[in-house]
Amino acid sequence: MTRPIIVFDLDGTLVDTAPDLLDSLNHSLAASELAAVDEAGFRRFVGHGGRVMIERAHAAQQRSLAAEEHDRLLKLFLDHYTLNIPGKSRPYPGVVEALDRFKDAGYLLAVCTNKYEANSVALIGALGLARYFAAIAGQDTFAFRKPDPRHLTETIRLAGGDPDRALMVGDSQTDIDTAKAAGIPVVAVDFGYTDRHVREFEPSAVISHFDALTLGLAECLIAAAR
């Protein structure tokens, strides 16, 4: 029988990357002579990616943003972020213990993220987490990405897993919608990057700490979905 698998989102789920993404945003904004953003006010936009963050920052300061300038600032953002991995980014409390718990129980583990694959691999490696994952799939790994359910199902297959014995863990509506479209149960963490509480998107379960991601919970959700 195929081993069960848990697929994790990355930013806002496994790793708190907001400090570095906001640093890179402010680096790019400085090139446009815009003021730095307030971390507390912009954390909720981090999960939408650099392009959206740049757009929101310009709108907040009532500055127009031409397409060519948008592209230029995004390149500055990405270059700065890539050169500073892992920076201040750290796994959330309980992540390493949860990964150990499921790996020891025979689960396959994988990452499905809309972050670029190279940056995802670099970040996970720099944090010493690469040994846990059978696959790391980014937004450019396939010809589609979340919320397309194929991003999740093909990540599962890449890891050697079976979508019928899978669980998704994420922090956003995109993660929840992706899992639902794939017919896979989904656990939402409530400490990630979203401007609405994840409970509103009706995941299979909500947790506030990785200690709550137990073997019993995973087994129950996977069994109920079959």
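The values are calculated or read from the model by the stated rules, or taken from the named source; none is laboratory data. From a predicted model like this one, the values you see are computed outputs, not experimental measurements. For neighbour counting, all protein chains shown are included, and Cβ atoms are generated from backbone atoms with ideal geometry for every residue, glycine included. Surface areas here come from the heavy atoms of the whole protein model, side chains and all, with no ligands, DNA or RNA. Shrake-Rupley method; radii C 1.70, N 1.55, O 1.52, S 1.80 Å.
Could you list all residues from the range 1-15 that are crowded, with 19+ Cβ neighbours inside 10 Å and in contact with a strand residue (DSSP E or B) (Cβ under 6 Å, 6 or more places away or on another chain)? Before the answer, list the steps.
Initial filter on the range 1-15 (crowded, with 19+ Cβ neighbours inside 10 Å): 4-15.
If the condition is that a residue be crowded, with 19+ Cβ neighbours inside 10 Å and in contact with a strand residue (DSSP E or B) (Cβ under 6 Å, 6 or more places away or on another chain), then ILE5, ILE6, VAL7, PHE8, ASP9, LEU10, THR13, LEU14, VAL15 are the ones that fit.
Take the residues of the range 31-59 that are part of a loop (DSSP other than H, G, I, E, B) and open to solvent by 40 Å² or more (accessible area, probe 1.4 Å): which is nearest to PRO19 (Cα to Cα)?
Ranking the qualifying residues of the range 31-59, first place goes to ASP38.
Yes/no per residue for (1) surrounded by fewer than 21 Cβ atoms within 10 Å (Cβ to Cβ); (2) in a strand (DSSP E or B); (3) in contact with a helix residue (DSSP H, G or I) (Cβ under 8 Å, 6 or more places away or on another chain):
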position: ALA98; (1), (2), (3): no, no, yes
position: GLY106; (1), (2), (3): yes, no, no
position: ASN119; (1), (2), (3): yes, no, yes
position: ARG145; (1), (2), (3): yes, no, yes
position: ILE156; (1), (2), (3): no, no, yes
position: GLY160; (1), (2), (3): yes, no, no
position: ILE176; (1), (2), (3): no, no, yes
position: ALA179; (1), (2), (3): no, no, yes
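Could you please find all residues in the range 183-223 being touching a Pro at 6+ places or on another chain (Cβ under 7 Å), closer than 23 Å to HIS151 by Cα and open to solvent by 30 Å² or more (accessible area, probe 1.4 Å)?
Once the filter is applied, which keeps residues that are touching a Pro at 6+ places or on another chain (Cβ under 7 Å), closer than 23 Å to HIS151 by Cα and open to solvent by 30 Å² or more (accessible area, probe 1.4 Å), the range 183-223 yields only SER204.
So that you can scan it fast, the table gives a plain yes or no per residue for (1) under 15 Å from the mean Cα position of the chain (by Cα); (2) under 24 Å from ALA126 (Cα atoms):
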site	(1), (2)
THR13	yes, yes
PRO19	yes, yes
PHE42	no, no
GLY47	yes, yes
LEU76	no, yes
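How many residues are within 21 Å of ASP23 (Cα to Cα), surrounded by 15 or more Cβ atoms within 10 Å (Cβ to Cβ) and not polar (S, T, N, Q) if we restrict to the range 82-96?
5
From ASP171, ASP177, ASP148, ASP190, grab the single residue that is under 15 Å from the mean Cα position of the chain (by Cα) and without any contact (Cβ under 8 Å) to a residue 24 or more places away in the chain.
ASP190
Of everything in the range 61-81, what is open to solvent by less than 70 Å² (accessible area, probe 1.4 Å) and out of contact with any His (no Cβ under 8 Å at 6 or more places or on another chain)? Give them in sequence order.
GLN61, ALA66, GLU69, HIS70, LEU73, LEU74, LEU78, ASP79, TYR81
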